[in-house]
Amino acid sequence: MKIHEYQACALLTQYGVAAAQGTAAFSAEEAENAAAALGGESFVVKAQVHTGGRGKAGGVKPAHSPEEVGKLAQEMLGRRLITKQTGPEGKTVRALYITRGVSIEKEYYLSFAVDGDGARIVMLASNAGGMEIEEVAAKTPALILRQDIDVTIGLRAYQARRMAQRIGVIKELTESFVSAALGLYRLFIEKDCSLVEINPLAQTGDGRLLALDAKISFDSNAIFRHPDIAAHHDPGEEDERQLQAAQYGLSYIPLDGNIGCLVNGAGLAMATMDILAHFGGRPDNFLDVGGSATQEKITGAFKILLNDSRVRVLLINIFGGIMKCDVIARGIVAAVEEIKLTVPVVARLEGTNAQLGKEILEKSGLDIISAATMEQAARTAVSLCAQEPCGRCV
Ligand code: ADP
Ligand code: MG
């Protein structure tokens, strides 16, 4: 689960990490008042959407008076912000963070993340922080330095101090860097985060180290331990498809391809995405209908995929165990009675009651292409997609 920058900055402050002062605003009037209350002549109006790259997309704008803040807020609220990370759909701006403008001497990058491969936590830091960090990571990865952390010991001050030296933090600010790193690490552990990222961690004109942006992701499986964080959940930020899936109790993750996948079992769902990628296709989603899905659940899942304008081909990949193939087939037929099939459907049914499932689909008269194997299903789905290029293919 992700939270907004203004919520993340409040958490930083709670953990003793200095961040730019600011106030959240939900209307132009609130924005102008927030700036007047902050005082001074330099402000930054920041779109609160769960995405990076806002600065480059016009979602971070300087202002020099509360009136100008109000004007910019008026322009930004309700608009769709399209960043490199949002895809062409963008995200609607419903909240703003009004902060004091800070004079920046240097921008550092500092983050803590879970290193899945190494099964540990890693601290990443760079003196090439700021809006170009993705490019830095892609073109000059050596500029991003890492420190593995032994979770049984935790981050030690000397490790943070050495990192400060490695990235060239000036001597006067070394202890500020150490204290920020220790605070962030404590936040990371205590709140069950999967990512805490400060970019930029700015050296300011008046000689301070200040977090000017904060992105925090939490382990959703641990959110029940943190009601204060759960309260920050913003359904408006979630993909419409994900909200619907949650209503049906489905395990669904939206992706950015164009082959809709309906699969049972997380392992098979992963394997389906892999085999599609292998043949040059791109899945629109990860969807595991589970081992004990009812017909209603299947109908719901199928409807989500049919309503998804990105989906060019639908791939059903079922290995019936506890889940019976005829239940899947009935769910699909019921869904198609409500929503017309507008894309080709490829189905591979195997396992318990597979024959019965195939018969139900055949008798329904629906135009469903039956595949004997997973490989054949994936190849067919990818080639059908290729016949209708839509920009979402590789
Ligand atoms: P994003 O990472 O989504 O692009 P940031 O919050 O990092 O958004 O803002 C983009 C850039 O805007 C920062 O790298 C920094 O240079 C500048 N910036 C952000 N907040 C402030 C601020 N309070 N004062 C001055 N400059 C800022
Ligand atoms: Mg940033």
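Some observations on this one:
- Cross-link table LYS61/LYS191; LYS2/LYS91; LYS84/LYS191; LYS191/LYS303; LYS2/LYS324; LYS324/LYS363, entries beyond 25 Å C-alpha to C-alpha: LYS61/LYS191; LYS84/LYS191; LYS191/LYS303; LYS2/LYS324
- Dipole-positive endmost among THR342, PHE302, MET131 within the chain (Cβ charges, Cα centre): MET131
- The charge dipole of the stretch 224-300, taken about its Cα centre with unit charges on the Cβ atoms of Lys, Arg (+1), Asp and Glu (-1) only, comes to about 300 debye.
- Ranking ILE104, ILE98 by solvent-accessible area of protein heavy atoms (1.4 Å probe, all protein chains present), from largest to smallest, gives ILE104, ILE98.
- Point-charge dipole on Cβ atoms (K/R +1, D/E -1) for the chain, about Cα centre, debye to 20: 500 debye
- Per residue convex hull volume, Cα atoms of the stretch 273-387, in Å³: 90 Å³
- Solvent-accessible heavy-atom area per residue, rounded to whole Å², over the stretch 85-133 at 1.4 Å: 43 Å²
- Taking 15 Å as the straight-line reach from the Cα of LYS56, the aspartates and glutamates in range (excluding those fewer than 8 positions away in the same chain) are GLU132, GLU134, GLU135, ASP213.
- Translational diffusion coefficient (Stokes-Einstein; Kirkwood radius from C-alpha pairs) of the chain at 20 °C, 1.002 mPa s, in µm²/s: 92 µm²/s
- Among ALA47, ALA31, ALA231: highest mean-square fluctuation, GNM of the chain, C-alpha pairs under 10 Å: ALA231
- Ellipticity estimate at 222 nm from DSSP helix runs (n ≥ 4, -39,500 (n - 2.57)) divided over the chain, nearest 500: -10500 deg cm²/dmol
- Counting only heavy atoms of the protein chains and using a 1.4 Å probe, TYR185 has close to 20 Å² of accessible surface.
- Sites THR23 and GLN355 - FRET efficiency at Förster radius 56 Å, r taken between beta-carbons, to 0.05: 0.30
- A quarter of the convex hull surface defined by the alpha-carbon atoms of the stretch 115-171 gives 4.6 nm² as the mean projection.
- Cα lying deepest toward the dipole's positive end in the chain, options ILE82, ILE328, CYS385, charges on Cβ: CYS385
- The three principal axes of the C-alpha atoms in the stretch 191-232 carry coordinate ranges of 41, 16, 12 Å, sorted with the longest axis first.
- Range of Cα positions in the stretch 1-153 per principal axis (Å), largest first: 49, 37, 30
- Positive end of the dipole of the chain (Cβ unit charges, origin at the Cα centre): among PRO200, GLN165, ILE98, the Cα lying farthest that way belongs to GLN165.
- Peptides 343-349, 77-83 ordered by packing proxy, namely the average of other Cβ atoms within 10 Å per residue, highest first: 343-349, 77-83.
- Taking only alpha carbon atoms, the stretch 1-89 gives an Rg to Rh ratio of 0.97, where Rh is the Kirkwood radius.
- A 1.4 Å probe over all protein chains sorts HIS64, HIS233 by accessible area into HIS64, HIS233, starting with the largest.
- When the alpha carbon coordinates of the stretch 79-177 are projected onto the principal axes, the ranges are 46, 37, 28 Å, largest first.
- Distance between modelled label sites at GLU135 and ARG94, nm, 7 Å Cα→Cβ extension: 3.3 nm
- A quarter of the convex hull surface defined by the alpha-carbon atoms of the stretch 143-245 gives 8.9 nm² as the mean projection.
- The stretch 100-142-the stretch 326-346 distance, computed between alpha-carbon centres (Å): 46 Å
- For the pair GLU105 and GLN165 in one chain, pulling the backbone fully straight at 0.36 nm per residue adds 19.9 nm over the alpha carbon distance.
The values are calculated or read from the model by the stated rules, or taken from the named source; none is laboratory data. No experiment lies behind these values; they were computed from the predicted model shown. So basically every Cβ, Gly included, is an ideal-geometry build from the backbone, and we count neighbours across all protein chains shown. Protein only, heavy atoms only, side chains kept; ligands, DNA and RNA dropped before computing areas. Shrake-Rupley method; radii C 1.70, N 1.55, O 1.52, S 1.80 Å.
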